[in-house]
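Peer 1: I have a structure I would like to understand better, so I am pasting it below and will then ask my questions one at a time.
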Amino acid sequence: QGLLARISDLLLCRWTCRNCCQKCFDCSCCQTNEDEVEILGPFPAQTPAWLISSQNEDKDGDSDNTISELPPTLQDVSPDRRRSSSDTSRSTYSLTRRISSLESRRPSSPLIDIKPIEFGIIGAKKEIVQPTILRKTYTPDDYFRKFEPRLYSLDSNNDDMDSLTDEEILSKYQLGMLHFSTQYDLLHNYLIVRVIEAKDLPPPISYDGSRQDMAHSNPYVKICLLPDQKNSKQTGVKRKTQNPVFEERYTFEIPFLEAQRRTLLLTVVDFDKFSRHCVIGKVSMPLSDVDLVKGGHWWKALVPSSQNEVELGELLLSLNYLPSAGRLNVDIIRAKQLLQTDMSQGSDPFVKIQLVHGLKLTKTKKTSCMRGTIDPFYNESFSFKVPQEELENASLVFTVYGHNVKSSNDFIGRIVLGQYSTGAPESNHWRRMLNAHRTAVEQWHSLRSREDCDRVSPASLEAT
């Protein structure tokens, strides 16, 4: 054949000999027996039709029949060449059978043979466990539908409250009812809450009937927009009545969209001059459930509250220590939501600051008295001489009192900072002050009762 034909056979045929560049069934150096077949290169993309037909018809391996069914070009040759061609055909046919058998063994798609999984324990009888079939595919909706929100609520009674009417709640708890109204002013962007009246409040419960009239309560109402409980407002105290009439109006400056995400919480509290104020009941209403622009009036039955006692208030302090001068500067900035100590005019609060070295009281100072308020602003500074080597043994006791002209001042709350701090927030504030010399450090603190402070801080026992 010509050179171009040999080059084309070399490039197009994958069964061309690499040594002499001839076809494998015409090459003498590439002849192999049936047991050893060297596959040159990858499998061909398509097996010739005349090889496949010869394979299907001669499964018994009859070589004579194979020779008769070769292509005409191989049958019309001379007898001498036919014998050599017969030997070549046998090797070619064996090669074809091997290739066809390999192709038949290779599946069109991968198969995975999964055997039963065996689980067993040493010393126990083995048990074959077959994989189970997932009968139902769970969608995300099915998954989250399995949760029960009542199990994650802070108040276990909330689920029961939602299913009861106001009449059923009133007959079940007998805490009375509260009348109030809400409306949003779009022109000035604030929410108006009006506390009108309450009725059928329960009488107070006390173990000491000699201190006050136990037949009547001294109620007032605290108003806040959850989740913000710090910026709350409260009505005046109505003396000795179970059906108080308040008629007081309060405003909350809040955007309209934010107001719709809040929950109005009204808490009815019984004023007690000689102990902590006691919570009678509460009413909560999501503002998203009402038309704030149109407004409305509601009578709601009071439900029990998980908070039995009212918070004492908060105090904002600033501390600054100057190592070179050995001075500890204390700023009393403001207080908010202090416990009311006077029924008629709220409270007249002031703050007493006492320095305790170890267990010895060394210095006492106090702020001015703010009249008729539970959210006083002081902005007063005090300085104490404390050498740096004595700073680690020093404690500051802050006590908030309500001024009383007729008798001793009314205790509101207390905290201790320093060596004998009353809690983690107080210790953190003191530590920040020590690490930031010559820099004022501010922090809000929640007031604690006298009993709580005396139990955890020896410095509180030394204060007066």
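The values are calculated or read from the model by the stated rules, or taken from the named source; none is laboratory data. Model, not experiment: these values are computed from the prediction. Note: ideal-geometry Cβ built from the backbone for every residue, glycine included; neighbour counts use all protein chains shown. Keep in mind that these areas ignore ligands, DNA and RNA; they rest on the heavy atoms of the full protein, side chains included. Shrake-Rupley method; radii C 1.70, N 1.55, O 1.52, S 1.80 Å.
Peer 1: Using a simple spin-label model with points 7 Å from Cα along the Cα→Cβ vector, what separation in nm is obtained for residue 306 and residue 168?
Peer 2: 2.2 nm
Peer 1: Something else: For residue 410, what accessible surface area do you get with a 1.4 Å probe? Give it in Å², rounded to 10.
Peer 2: Estimated to the nearest 10 Å², residue 410 gives 30 Å².
Peer 1: Moving on. Using mean Cβ contacts within 10 Å as the protection proxy, how do 415-422, 249-256 order, highest first?
Peer 2: Put in order of decreasing packing, that is 415-422, 249-256.
Peer 1: Turning to a different aspect of this structure: Could you run the Karplus curve 6.51 cos²θ - 1.76 cosθ + 1.60 with θ = phi - 60° over the stretch 255-265 and give me ³J(HN,Hα) per residue in whole Hz, x for Gly and Pro?
Peer 2: x, 5, 5, 5, 4, 5, 8, 8, 10, 7, 10
Peer 1: Could you check how much of the accessible area of the stretch 314-462 is carbon and sulfur, as a whole percent, using a 1.4 Å probe?
Peer 2: 47 percent
Peer 1: Also, I was wondering about something else. For the stretch 237-246, just list the computed ³J(HN,Hα) in residue order, Karplus coefficients 6.51, -1.76 and 1.60, θ = phi - 60°, integers in Hz, with x standing in for Gly and Pro.
Peer 2: Per residue, the Karplus-derived 3J(HN,Hα) values read 8, 9, 7, 6, 8, 9, 10, x, 10, 9 Hz.
Peer 1: To the nearest 20 debye, what charge dipole does the stretch 328-377 have about its Cα centre, counting +1 at the Cβ of each Lys and Arg and -1 at the Cβ of each Asp and Glu?
Peer 2: 280 debye
Peer 1: With +1 on each Lys and Arg Cβ and -1 on each Asp and Glu Cβ, how big is the dipole of the stretch 314-462 about its Cα centre, in debye rounded to the nearest 20?
Peer 2: 260 debye
Peer 1: Another question, if that's okay. Would you mind checking the pairs 282/352; 172/240; 199/222; 222/294 and listing those with alpha carbons more than 27 angstrom apart?
Peer 2: 282/352
Peer 1: State in Å² the accessible area per residue of the stretch 352-464; use a 1.4 Å probe, count heavy atoms of protein chains only, and round to the nearest integer.
Peer 2: 50 Å²
Peer 1: Please list the non-local residues whose amide H lies under 5 Å from the amide H of residue 277, H modeled 1.01 Å from N, same-chain partners needing a gap of 5 or more.
Peer 2: 272, 310
Peer 1: Could you give the radius of gyration (one decimal) and Dmax (whole number) of the Cα atoms in the stretch 314-462, in Å?
Peer 2: Looking at the stretch 314-462, its Cα Rg and Dmax stand at 14.9, 49 Å.
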